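Reviewing the structure listed below.
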Amino acid sequence: MKLDAFVRDQWYVAAWGEEIDRAPVAREFLGRPVALYRRTDGDLVALEDVCPHRGMPLSMGTVVENDLQCGYHGFRFDPCGQCVHVPSQEEVPARARVRSYAIAERGPLVWLWGGHADSADEASIPDTPELSDPNFHWVTCTVAMGGHYLLMHENVMDQTHFHHLHKNFAGTPEWDRGEITLEVADGRVIRTHTTPASPAPPVAAFAGIEPGTIVDSRSVGTFVQPGLNTSTTTHRVCNTGFTGVLQTFHIITPETETSTRYTIAVGTTDPTADLERFEVGVCTATLEDQQAVEAIQRVKAEPAAGTEVSVKADQPGLRARRIERELRVEEAKRHERATI
Ligand code: FES
Ligand SMILES: [Fe+2]
């Protein structure tokens, strides 16, 4: 059985809602180009970004009322992807159509369904209520990573890299030695990392806690699905009980087999947090992750790349990898049954 490189019957984040307006925006999504725009009523449209006439990217064209008009010879496509107008002749070839993707907006995020539009179930879009909660103050960073998207899931599931890769921001030596437990339920991998009575890391400053203060730290990270990983970190000051909370969404969208659009959004409940400095810290750490992932991707591409030696802290990431593969196997079986 041949497996697809991606899990397609899933929702992935294509953009922030505020990034998409009437002018078409080009995105790479699961190995395919996609053009995104809004209709006159504000509803979103996602069409395959290749004109079936001569292959011009439709995102280089213009939106006319609710349709997308190719910038080369003016073929016009409706939101379902059907060509409805050819300027040079009366009749429209029936085969002149492009794929239309199921798309949905939830809070500030735009989600795209990777499979066939008629199998999309909006009820399965993961909840991200904190992103719309006024008690949280957010900083974000988006990068195009030159690496397979599972490398990013593994990165965020194993926080023992914090003290080494993000030394001046996220880690402490005590965090390295924290206790890690693992739970798997409903296709989710939940990793809990606890570090009792230890100095707070620098990042705790943005949760209202002076770095170095003795805190009980607990980070619960979840591989929610192939496009989303989350983590909730609490630092509880041992002698006062004050608790600072940092909520993180790792939005991981595969573009190709070796490139990933990664957005991190970190929210704090501390209204006095210096968000400018916080953003610098989050973006610096993201670039450190990017350097690591891209270097690993280059090493793995070498024919002489060796096997990996794993330790206990790798278990959550390895479970996530396994679940991702199981999803691809299930999908291949479904498609095989459908074609018999
Ligand atoms: S390539 Fe699009 S109309 Fe010709
Ligand atoms: Fe990291």
query: In the neighborhood of residue 48, defined by Cβ-to-Cβ distances under 13 Å, what is the net charge if each Lys or Arg adds +1 and each Asp or Glu adds -1?
result: +2
Within-12-Å neighbourhood charge of residue 243 [Cβ basis; K, R +1; D, E -1]: 0
message: Quick check for me: using +1 on Lys/Arg Cβ and -1 on Asp/Glu Cβ, what's the dipole size of the chain about its Cα centre, in debye to the nearest 20?
response: 800
- line: Here the averaged projected area of the range 77-135, based on the convex hull of its alpha-carbon atoms and given in nm², is 5.7
query: Once phi is turned into ³J(HN,Hα) by the Karplus curve 6.51 cos²θ - 1.76 cosθ + 1.60 with θ = phi - 60°, what whole-Hz value does each residue of the range 109-122 show in order, with x for glycine and proline?
result: 9, 10, 10, 10, 8, x, x, 5, 4, 6, 9, 6, 10, 5
- request: Pop a pseudo-label 7 angstrom from the Cα along the beta-carbon direction at both residue 311 and residue 142 and give the gap in nm to one decimal.
  value: 3.6
task: Please sort 177-190, 236-249 by packing, taking for each peptide the average over its residues of neighbouring beta carbons within 10 angstrom, highest first.
output: 236-249, 177-190
field: Packing-based order for 159-170, 15-26, 295-306, using average beta carbon neighbours within 10 Å, highest first
entry: 159-170, 15-26, 295-306
query: Share of Cα-Cα pairs in the range 1-130 beyond 21 Å, in percent?
result: 40
- prompt: Just the accessible area per residue of the range 7-98, please: how many Å² with a 1.4 Å probe?
  reply: 48
Base-10 log of normalised Debye intensity for the chain (one unit scatterer per alpha-carbon) at q = 0.07, 0.13 Å⁻¹: -0.34, -1.03
- prompt: Roughly to the nearest percent, how much of the accessible area of the chain is carbon and sulfur, given a 1.4 Å probe?
  reply: 50
query: Hey, which lysines would be in cross-link range of residue 333, C-alpha to C-alpha under 24 Å, not counting anything within fewer than 8 residues on its own chain?
result: 2
- request: For the range 106-221, report the accessible area per residue in Å² (1.4 Å probe, heavy atoms, rounded to an integer).
  value: 44
statement: Filtered hits (aspartates and glutamates, Cα-Cα < 17 Å from residue 300, offset >= 8 within chain) -> 154, 257, 289, 308
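The values are calculated or read from the model by the stated rules, or taken from the named source; none is laboratory data. Computed from a predicted model, the values in this text were never measured in an experiment. Cβ sites come from the backbone with ideal geometry, for glycine too, and all protein chains shown count toward neighbours. Keep in mind that these areas ignore ligands, DNA and RNA; they rest on the heavy atoms of the full protein, side chains included. Shrake-Rupley method; radii C 1.70, N 1.55, O 1.52, S 1.80 Å.
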